Each structure stands twice: as C-alpha cells, then as structure tokens.
Amino acid sequence: MSPDDPDDFFRPPNDNAYKTDEVRTGPPLNYVAEKVRHNLEALHSLIHDIRQRVVTLERRGLIERVPGQARSIRLLLAHKDLPDLE
C-alpha cells in the first residue's frame, strides 16, 4: 500500500480480513463507513477551525463581513500596512 494509491481508501488495513472462499467484491461495509465517518469528522474539525480564525480576525478589527453577501469579507487594513510578499 502506498500513500499515492487511490484504492487505499477502500482497502482494509489487513488484506487477510477476507475469507479465502469468499468472493472479493470489496471491503466490508463497516470499514467503508468507518472511513467515511473519520473523513467527515476531520472535515467538521477543519470547518470549525477556519470559522474560529475568521471570527478572531473579525474581533481584532482586521476584517468585516460584507452584509448581504454570503462568504464575503472585506479587509480593513490599508495596503501600506500589509507586509510585502516575496
């Protein structure tokens, strides 16, 4: 198993989990459900972290939300106050 193999998502950690007389049609459903649940939990954590960062920037007065526009923010710093990117 390599990290670049897209099929690793569906491969159980132990390939011997299948019985030899069983037709291998895919991983057990509980394994797939566990992976999906894990990925959803990770996504929820990421969304929560991003939201907290946006709220913190808003509290500090560095950004403001644009009223009436979803997913829009306005930067409240002057261009001269921003650091130069290399």
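Since every read-out is calculated from the coordinates, none of them should be taken as a lab result. Everything quoted here is computed from the prediction, not taken from an experiment. Cβ sites come from the backbone with ideal geometry, for glycine too, and all protein chains shown count toward neighbours.
List of remarks:
- Cβ pairs under 9 Å, 6+ apart, first in segment 61-86 and of a type in the set (S, T, N, Q), second surrounded by 10 or more Cβ atoms within 10 Å (Cβ to Cβ): Ser72/Arg65; Ser72/Val66
- Qualifying residue in segment 38-51 (condition: touching a strand residue (DSSP E or B) at 6+ places or on another chain (Cβ under 8 Å) and surrounded by 10 or more Cβ atoms within 10 Å (Cβ to Cβ)): no
- For segment 42-69, residues that are more than 19 Å from Leu82 (Cβ to Cβ) and assigned to a helix (DSSP H, G or I) total 13.
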